[in-house]
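The values are calculated or read from the model by the stated rules, or taken from the named source; none is laboratory data. Keep in mind that this is a model prediction, so the values were computed, not measured. Neighbour counts are summed over all protein chains in view; Cβ atoms, including those assigned to glycine, are modelled from backbone coordinates with ideal geometry.
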Amino acid sequence: MISDRNFFVIKPQINEEGKFICLNPVDLFHNSHSLYLEIGCGKGEFIARYSILHPEYNYIGLEAAEKRINNTLKKLTPEQNPNVRLMRLYVDNSICQLFPAESVSGVFIQYPDPWPKRKHHRRRLIQQEFLSSLAMILKPLAQVQITTDNSDYATWILDEFLAHPSFISVYEELMLKESPFEEHIPTWYESEQRRQGFEPQYMLFKRI
């Protein structure tokens, strides 16, 4: 609920050098449970439901848009989702400053902005420098699940991950048309895009 903002929403802290101050997940959640990140929360369907299915994990949702933070808050309560925190943040290569090295057990990235125009491709999240930063905070064998319904961006994502020395595809079939997870939670965006005839591609990579 929006009234629970003070419980759920945490603010990134900046040091005198203009860099993020590293979070301490144990201090934040008061336990040492495995930490998972959702980059881009959308309307909050995934993090709200998945955190209930897996109370043994902690989750931080990173979202740049205040409206989406509010939409996600509407689906959360401290009683049902004590293991969730949200942070308003434009995610980029600086993510490695926010979390201790090898502290994150997995990442979910669902429908990242494809920036379809060629002149905007440099704005795409999935780039080599970002993957290097991500690899720093991921535990060995941690997985990164990505979903997109933009075929051009799907190919881009696949090429970037396979070109990076810290990641491999979990599956031999590199792009899946159906979610490989039994507990797949369709977001509002996914349902709406499917209704319009856009089919998602699911990819799963592992940090080696």
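Observations
- Residues within the range 1-20 that are in contact with a helix residue (DSSP H, G or I) (Cβ under 8 Å, 6 or more places away or on another chain) and assigned to a loop (DSSP other than H, G, I, E, B), tallied: 3
- In the range 95-145, the qualifying residues are those that are among the small types (Gly, Ala, Ser) and out of contact with any Phe, Trp or Tyr (no Cβ under 8 Å at 6 or more places or on another chain), and the one that is surrounded by the most Cβ atoms within 10 Å (Cβ to Cβ) is Ala142.
- Within the range 153-174, the set of residues being closer than 15 Å to Pro112 by Cβ and either touching a helix residue (DSSP H, G or I) at 6+ places or on another chain (Cβ under 6 Å) or among the aromatic types (Phe, Trp, Tyr) (or both) comprises Tyr153, Trp156, Phe161.
Okay, residues lined up against (1) of a type in the set (D, E, K, R); (2) surrounded by fewer than 18 Cβ atoms within 10 Å (Cβ to Cβ); (3) not in a loop (DSSP other than H, G, I, E, B):
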residue: Gly42; (1), (2), (3): no, no, no
residue: Ala48; (1), (2), (3): no, no, yes
residue: Pro55; (1), (2), (3): no, yes, no
residue: Asn58; (1), (2), (3): no, no, yes
residue: Leu62; (1), (2), (3): no, no, yes
residue: Arg68; (1), (2), (3): yes, no, yes
residue: Leu76; (1), (2), (3): no, no, no
residue: Glu79; (1), (2), (3): yes, yes, no
residue: Pro82; (1), (2), (3): no, yes, no
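- Within the range 84-96, the residues that satisfy the criterion of being in contact with an Asp or Glu (Cβ under 8 Å, 6 or more places away or on another chain) and not in a loop (DSSP other than H, G, I, E, B) are Leu86, Met87, Arg88.
- Taking the criterion of being in contact (Cβ under 8 Å) with a residue 40 or more places away in the chain and aromatic (Phe, Trp, Tyr), the residues of the range 59-113 that qualify are Phe99, Phe108, Tyr111.
- Condition check for Val170: closer than 19 Å to Gly42 by Cβ, out of contact with any Asp or Glu (no Cβ under 8 Å at 6 or more places or on another chain) and modelled with pLDDT of 95 or more: no
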